[in-house]
Structure formats: structure tokens, C-alpha cells
Amino acid sequence: MATPGRKPKPTQMHILNGNPSKIRLEDRIGKEVKVKEYGPGEYPEAPEWLDKVAKEEWNRVAPLLAECKLLSESDTKALEAYCKCWSRYVEAEKQMDEIGSTIFQPNQKSKYIQQLPQVAIAQKYLKLCKDFMTEFGLTPSSRGRMQLPGEQDEDEMETLFRKAMH
């Protein structure tokens, strides 16, 4: 049975989002399973089984995620799946660019215009890519909610409390 409610976010995402829910991060950090996290300039190479387009996407995205400390060993399979989905989306789009998105099917009395399967394929893989990109913080809306380390703004209440304490 599925758990009701929203999926829990990793602690690092809470930190990058400025912890708007004000949860106790110390409690979460102690409970999280420790896995190797990649930092700026270090990330795994693209798996050999990925095709050229998928590897290019890996080499574009992996450094960005590592730079933000959003890539760990446990994330590499999801990144592989994202890159492969991206490759399949690009392939379907290229096929449609070559032959169009519809074809004429001869019917008994008239010509019938039919959508190519590549249209549905492209839509399916673009949706999957968007889901992966949202998980990794790679869409404008998910990125807009994030604050990278060093960019965190102090809200007015925190400023008032800081002044009152000194």
C-alpha cells in the first residue's frame, strides 16, 4: 500500500530550498542512509551502455548536479534512466523532422490522416524526462525554489532576532 501524502524530499533539497517547512534538519541527517555524494568537479563517467545522445546528456547534467551536491551513488541509476529517456525523445523528434508527424492511410472511400507513432513516443519520453528533471531540480520551477549554498537570503524575522540577541 502506498504512503499517503507527498514524497519526502532529501535533506539536501530542504537545505537548497531554504528549509521553508522549518523541519529540524539535524534529526533528518542522522536518519538518512549514508551514500557517497559527488561534489564539484567529481562525478562518475557515463555508463558504456548509453548511446551517444544519452552520454552527451549525462556529460551535460552530471557536472551540474555534482556542483550543487545533488548527485550521489544512489542517484546514478535514475540519471541513467533520465539520459536514456532523453535519447529516445531526441530520436523520435528526429524521425518526425525527416518524415513529418502524420501519414495518409488509404481508406476504402477516402484518405485517412493518421498520426505517426513517433508523436506518442516523443510525448511519452518528454513527460518521463520532465519527471526526472523535476526530481533532480533541473526545471525552472523546481530550480526557482532552490537556494544554492552561499545564496541563502535571511528573512526579516531572522534579521530582527539576530539584532535582538546582540
As a test of reading the structure, rank R60, R24 by solvent-accessible area (1.4 Å probe, protein chains only), most first. R24, R60
Can you tell me the FRET efficiency between E91 and E26 if r is taken as the Cβ-Cβ distance and R0 is 30 Å, rounded to the nearest 0.05? 0.05
If I stretch the segment between E98 and E73 completely, what's the gain in nm (0.36 nm per residue apart, minus their alpha carbon distance), one decimal? 5.1 nm
Label-point separation (nm) for A81 and S141, each offset 7 Å from Cα along Cα-to-Cβ? 2.1 nm
At a Förster distance of 45 Å, what's the computed FRET efficiency of L50 paired with L116, Cβ-Cβ distance as r, to 0.05? 0.95
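The values are calculated or read from the model by the stated rules, or taken from the named source; none is laboratory data. No experiment lies behind these values; they were computed from the predicted model shown. Neighbour counts are summed over all protein chains in view; Cβ atoms, including those assigned to glycine, are modelled from backbone coordinates with ideal geometry. To get the accessible areas, we keep the full protein, side chains included, count just its heavy atoms, and leave off ligands, DNA and RNA. Shrake-Rupley method; radii C 1.70, N 1.55, O 1.52, S 1.80 Å.
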